[in-house]
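Notes follow the structure.
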Amino acid sequence: MPDSQPQPPRSSSPASSGDPAALLLCGARLTDGRTVDVRLGGGRIEAVGTVGSLSSYATRVDLSGYLLLPAPAEPHAHGDTALSADADGPVSYDPQDVQRRATEAALLQLGHGATALRSHVRIGDVPGLGALSAVLQARRALRGLAELTAVAMPRVLTGAAGADGLAMLRDAVKMGASVVGGCPDRDPDPTGYVEAVLEVASEHGCPVDLHTDGDDPARLARLAAMAGGLRPGVTIGPCGGLGRLPAEVASRAADQLAAAGVTVTCLPQGGCGAAERRATAPVRLLRAAGVRVAAGSGALRDVSNPVGRGDPLEAAYLLASRHGLRPEEAYDAVSASARAVLGLPEVRVEAGFPAELLAVRGDRLAGALSLAYSRIVVHRGRVVARTSAVREYCNTPAVAALDLPRQGRTGQS
């Protein structure tokens, strides 16, 4: 179950000829250069072998020309406000509007490859608990396609005004919000806000995911001291302000976060707040200190980022192209580390691991991050989304001489 403690992979018996859900992924390229067949059954990877070695009556999916990867996950989305940038007037929090937007946004991100998503949902004020109820309804509608979980985000939790927010936060958890969070920087008492969130998390045994710019080192130090040892864990983000601090101060803060086991989710595609706070967290400094760094998408075409794509491969591309991570490190931020934030088990393209996979046109990870057009997404052992790109050139001698790779309209794409 999403946002629960990771579980070790289990072994599965080979698929029987009578299993209608079994899949055989044929001719896929792995990041280590091997070309393999992969058999899936019961929602898990049953076997990985050389091409043609896995006899099975399973449905065959030709992955020739594709790179097969663990599926990415989305650790920081805002489904309640997604796809609202073009709306006239304020964002509608009518439950039907929120449910439609949250569902469409999750499906868009599923098409990009994210089979699990964490959506931060505002509670209190105008939306009350209606937006959360709508996102939870979207979660039920998406069952079998993607795993969607919700973070309850109250505005104020301290003082006289905070009493209602605290009561609503507890109600949100009872309704089905599996994570508690919010924006302590906006509360008159940020430390008190964090204390209140941690108290509710401790009561219900749920994770914490907080928004913070991270530009106040003393506040980060207090957060790390309070969060240390909390299980199932604490995540903060996007922490763009951490990169604006002096190097020595930022390094000390990173060490404190690492010692407390706090994860940082950065948002390289543009964040989810005001334009002046869109800097990306200093990912290399954080990783060097031992902080787990995941990468999310943030705003998906809402007023915070009207052109947000919600694409985890773009987030990885930006981490590699702008922030100096190796392609493998960048992809880890949107896959293994993002899944860890969500409390999901590890995925490897090996027998016994969950069949949460993404096939991308290409034969190397760097190329896939650069030109990830055609994608096939596998969730719980079945294909749940396909995106096919067709690239064609006019028939000229120059094109023929270069023998450029093209994706035609025939065959698997």
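What are the residues whose amide H is under 5 Å from the amide H of Val384, where those residues sit 5 or more places off or on another chain and H is modelled from the backbone?
Val377, Val378, His379
Let me see the P(r) profile for segment 142-237: every Cα-Cα distance counted, bins of 5 Å, each bin given as a percent of all pairs.
All Cα pairs, binned at 5 Å, distribute as 3, 14, 26, 25, 18, 9, 4, 2, 0 percent.
Which residue, Ala372, Val262, Pro217, has the largest displacement toward the positive end of the dipole of the chain when charges sit on each Cβ (Lys, Arg +1; Asp, Glu -1)?
Ala372
Hey, in the GNM for the chain with a 10 angstrom Cα cutoff, which one of Thr50, Thr115, Thr103 fluctuates hardest?
Maximum among the listed residues: Thr50.
Tell me what the chain gives for mean residue ellipticity at 222 nm when only DSSP H runs of n ≥ 4 count, each as -39,500 (n - 2.57), the sum divided by the residue total, rounded to 500 deg cm²/dmol. Don't skip to the end; give the middle numbers.
Numbers: 12 runs with 132 residues, N = 413.
-9500 deg cm²/dmol, from helical runs alone.
Radius of gyration and Dmax for segment 175-331's Cα atoms, expressed in Å?
Cα only, segment 175-331: 15.0, 43 Å (Rg, Dmax).
What is the ratio of the Cα radius of gyration of segment 190-232 to 2.2 N^0.38 Å, where N is its residue count, to two decimals? Please report the intermediate quantities before stating the final value.
Numbers: Rg = 10.2 Å, N = 43, 2.2 N^0.38 = 9.2 Å.
Relative to the rule-of-thumb radius for its length, segment 190-232 sits at 1.11.
Under 8 Å for C-alpha pairs, at least 6 residues apart: give me the relative contact order for segment 51-144, rounded to a whole percent. Before the final figure, lay out each step's value.
On the way: 102 pairs, mean separation 32.5, N = 94.
Relative CO of segment 51-144 lands at 35 percent.
Taking springs between alpha-carbon atoms closer than 10 angstrom, which of Asp37, Asp209, Asp80 fluctuates most in the Gaussian network model of the chain?
Asp37
How much of the accessible area of segment 203-262, in percent, comes from carbon and sulfur atoms when a 1.4 Å probe is used? Mind showing how you got there, number by number?
Values: 1200 of 2320 Å².
So the carbon and sulfur contribution to the accessible surface is 52 percent.
Please compute the net charge surrounding Leu325, taking Lys and Arg as +1 and Asp and Glu as -1 over other residues with Cβ under 10 Å from its Cβ. Can you show the working numbers first?
Details: positive: Arg284, Arg287, Arg322, Arg326; negative: Glu328, Glu329, Asp332.
Local net charge: +1.
Where in segment 42-144 are there trypsin sites (Lys or Arg not before Pro) that are in a DSSP coil and have at most 12 other Cβ atoms within 10 angstrom of their Cβ?
Those satisfying the criteria are Arg143.
Just from the alpha-carbon atoms, what are the Rg and Dmax of segment 50-113 in angstroms?
19.0, 59
Quick check for you: with a 1.4 Å probe and neighbouring chains kept, what is the accessible area per residue of segment 163-322, in Å²? Provide the component values of the computation, followed by the final result.
Working: 6260 Å² over 160 residues.
Per residue, segment 163-322 has an accessible area of 39 Å².
Using the Cα atoms of the chain to build a convex hull, what is its mean projected area in square nanometres? It would help to have the intermediate numbers written out before the result.
Working: hull surface 87.4 nm².
Reported value for the Cα convex hull: 21.9 nm².
If one takes the longest principal axis of the Cα atoms in the chain, at what angle in degrees, from 0 to 90 and to the nearest 10, does the Cα axis of helix 312-323 lie?
In the chain, helix 312-323 runs at an angle near 80 degrees to the longest axis.
With all protein chains present, calculate the accessible area of Tyr317 using a 1.4 Å probe and round the result to the nearest 10 Å².
Roughly 100 Å² of Tyr317 is accessible to a 1.4 Å probe.
Over the chain, what is the relative contact order in percent, taking alpha-carbon pairs closer than 8 angstrom and at least six residues apart? All intermediate terms of the calculation are to be shown ahead of the outcome.
Numbers: 1010 pairs, mean separation 84.0, N = 413.
Relative CO of the chain lands at 20 percent.
Can you say what percent of the DSSP beta bridges in segment 96-170, counting only those with both residues inside, are antiparallel? Round to 5.
On the way: 1 of 9 bridges.
Counting DSSP beta bridges with both partners in segment 96-170, the antiparallel share is about 10 percent.
Roughly how tilted is helix 159-175, in degrees to the nearest 10 and between 0 and 90, from the longest Cα axis of the chain?
On a 0 to 90 degree scale, this one is about 30.
Quick one: accessible surface of His323, probe radius 1.4 Å, all protein chains present, in square angstrom to the nearest 10.
50
Please list, in order along segment 107-121, the HN-Hα scalar couplings obtained from phi with the Karplus expression 6.51 cos²θ - 1.76 cosθ + 1.60 (θ = phi - 60°), rounded to whole Hz, x for Gly and Pro.
Rounded to whole hertz, the list is 5, 4, 6, 4, x, 6, x, 7, 8, 9, 9, 10, 10, 7, 10.
The values are calculated or read from the model by the stated rules, or taken from the named source; none is laboratory data. It should be emphasised that the depicted structure is a prediction, and the values quoted were computed from it without experimental measurement. Note that each Cβ is placed from the backbone with ideal geometry, even for glycine, and that neighbours are counted across all protein chains shown. With ligands, DNA and RNA removed, areas are computed over all heavy atoms of the protein, side chains included. Shrake-Rupley method; radii C 1.70, N 1.55, O 1.52, S 1.80 Å.
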